[in-house]
1. How far, in degrees from 0 to 90, does helix 51-84 lean away from the longest principal axis of the Cα atoms of the chain, to the nearest 10?
2. Given only helices, namely DSSP H runs of n ≥ 4 each adding -39500 (n - 2.57), what is the per-residue ellipticity at 222 nm of the chain, to the nearest 500 deg cm²/dmol?
3. By how many degrees, between 0 and 90 and to the nearest 10, does the Cα long axis of helix 12-27 differ from the longest principal axis of the chain?
4. If you work out Rg and Dmax of the Cα atoms in Å from the coordinates, which of (i) 21.9, 59; (ii) 15.5, 49; (iii) 13.8, 43 do you get?
5. May I have the pair-distance distribution P(r) for the stretch 35-85, computed from all Cα-Cα distances with 10 Å bins from 0 and rounded to whole percent?
6. For the stretch 62-110, taking Cα atoms only, what is the radius of gyration to one decimal and the Dmax to the nearest whole Å?
7. Please give the helix 88-104 orientation as an angle from the longest Cα principal axis of the chain, in degrees from 0 to 90, rounded to the nearest 10.
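Please treat every number below as a calculation from the coordinates, not as lab data. Please read all numbers here as calculations on a predicted model, not as lab measurements.
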Amino acid sequence: MESVAQFVQNNPSLAVFAVFIGGLLSAASPCVLTIIPLVIGYVGGYAQGSRTRAVKYTLVFALGLAIMFTLMGAAAGFIGSLLGFMGKYLYWAIAAIAVIMDYLYLVYLR
């Protein structure tokens, strides 16, 4: 049986469909589902009974989410690739920062 990477390389049109399904599944997470009543209330409140205005607000909201998630994903990938060059020294640096922050908390904020 071939791996997922080989399957995607051999079937690029199915890759787009798989990414779409993955996006739908990630949108069904509890973090996103709790926002739905807020969005409905916002769109319903500002649409003032106009179906056209409600569709416009919904499309702008969805486009804004798509743009922000794309930018955050690209930034996370870029930062992850930059941090990959540091190797094991990154772990030591993060551990040192955690120890220093813990010390400062114990000394000054407790």
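1. The angle comes out near 20 degrees.
2. -27000 deg cm²/dmol
3. Tilt of helix 12-27: around 80 degrees.
4. (i)
5. Spelled out bin by bin, the stretch 35-85 gives 24, 34, 19, 15, 7, 1 percent.
6. Rg, Dmax (Cα atoms, Å): 16.8, 47.
7. Once rounded, the angle reads 90 degrees.
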